[in-house]
1. Among the residues of segment 139-157, is there at least one that is touching a helix residue (DSSP H, G or I) at 6+ places or on another chain (Cβ under 8 Å) and either assigned to a helix (DSSP H, G or I) or within 20 Å of residue 238 (Cβ to Cβ) (or both)?
2. In the same structural domain as residue 120 (by TED's automatic domain parsing) and either closer than 24 Å to residue 250 by Cβ or in contact with a helix residue (DSSP H, G or I) (Cβ under 6 Å, 6 or more places away or on another chain) (or both): which single residue out of 8, 16 fits that description?
3. Output yes when any residue across segment 95-106 is in the same structural domain as residue 15 (by TED's automatic domain parsing), modelled with pLDDT of 95 or more, surrounded by fewer than 22 Cβ atoms within 10 Å (Cβ to Cβ) and touching a strand residue (DSSP E or B) at 6+ places or on another chain (Cβ under 6 Å), and no when none is.
4. In segment 177-198, what count of residues is obtained for those that are assigned to a loop (DSSP other than H, G, I, E, B), buried (at least 21 other Cβ atoms within 10 Å of the Cβ), within 17 Å of the chain's Cα centre (by Cα) and modelled with pLDDT under 95?
5. Against the conditions (1) touching a strand residue (DSSP E or B) at 6+ places or on another chain (Cβ under 7 Å); (2) at pLDDT 95 or above; (3) surrounded by fewer than 22 Cβ atoms within 10 Å (Cβ to Cβ); (4) under 23 Å from residue 259 (Cα atoms), where does residue 212 fall short? Just the number, please.
6. Would you call residue 229 part of a strand (DSSP E or B), at pLDDT 95 or above and within 30 Å of residue 16 (Cβ to Cβ)?
7. Can you name the condition, by its number, that residue 123 falls short on among (1) modelled with pLDDT under 95; (2) at positive phi?
8. Name the residues in segment 31-70 that are under 17 Å from residue 105 (Cβ atoms) and free of Cβ contacts under 8 Å to residues at least 40 places away in the same chain, would you?
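The values are calculated or read from the model by the stated rules, or taken from the named source; none is laboratory data. Because the structure is predicted, anything quoted here is derived from the model rather than measured. A quick note on method: Cβ atoms are made from the backbone with ideal geometry, for glycine too, and the neighbour counts reach across all protein chains shown.
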């Protein structure tokens with residue numbers, strides 16, 4: 001039977017560097033402190049999402065924060081099998097489909113999973129890596145410098161869910177003036193760049209494949225302050241028992257708003273034409289089609305940026321397309 005919690009880490013720095021309340025750090029600490037290993041997603045130097053292996057907290061810390069593109073987990077399969085064969089505790093963190101893939105692999109290989117633990121993000125869907133890379137290249141041209149760090153959820157402003165931030169070699173920084181006006185999130189949140197399989201995701205349901213599910217707790221007044229933690233198995237419960245690094249409180253299921261525990265995203269009616277324009281005419285032209293690369297949108301963006309730097313964020317939220 002599932003148990004629903006909300007969690008907030010006591011360490012302010014953990015919360016600042018996490019997408020929500022730091023639940024992944026709390027869970028993975030239990031594994032690392034017992035001599036185990038953690039597998040999770042990072043962005044490499046080419047801004048490809050990949051899964052890496054961590055034995056130390058410093059390595060694990062790179063896994064914090066959401067990434068909205070598909071991660072390559074190919075190297076994790078054999079490494080996890082070796083760790084389990086060596087009696088190491090293993091925590092794998094990823095999307096539900098990735099968790100299921102690892103579990104199926106271990107079953108096929110007939111590897112004992114007593115020491116295998118899984119934590120999944122409740123997934124909206126993963127975006128196109130090609131589109132994301134074009135987005136970064138476009139920002140590099142505008143800032144006349146190579147991007148060196150990207151955070152999808154930078155928490156640059158209080159209460160902002162998707163606060164995209166990019167740091168460049170020339171020390172300049174891009175912070176999205178508004179989620180609605182950012183050229184990645186405005187398209188991602190319209191479901192236009194999700195993988196085709198995401199629209200038919202069989203994991204978007206109340207029954208979860210992992211030991212623990214984590215997500216934003218959207219009911220909170222300050223978005224990002226608290227994590228939603230759902231314990232799905234007895235094994236998952238062992239990772240939550242004895243928590244002393246943050247507030248972990250049981251909540252009622254009725255308090256939780258997570259649409260992707262009921263159904264996957266709908267296919268947008270204009271998805272086909274969006275991709276036809278993008279593949280034939282390119283990134284700038286498809287942004288113009290969606291309403292971003294226009295004089296009107298650029299004027300809105302400048303206005304939103306001026307409001308943001310003057311700390312008038314409550315008015316930024318009122319700016320819509």
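1. no
2. 8
3. no
4. Residues that pass the stated criteria total 1.
5. So the condition that residue 212 fails would be (3).
6. yes
7. Going through the list (1) modelled with pLDDT under 95; (2) at positive phi, residue 123 breaks only (2).
8. Result: 53, single match.
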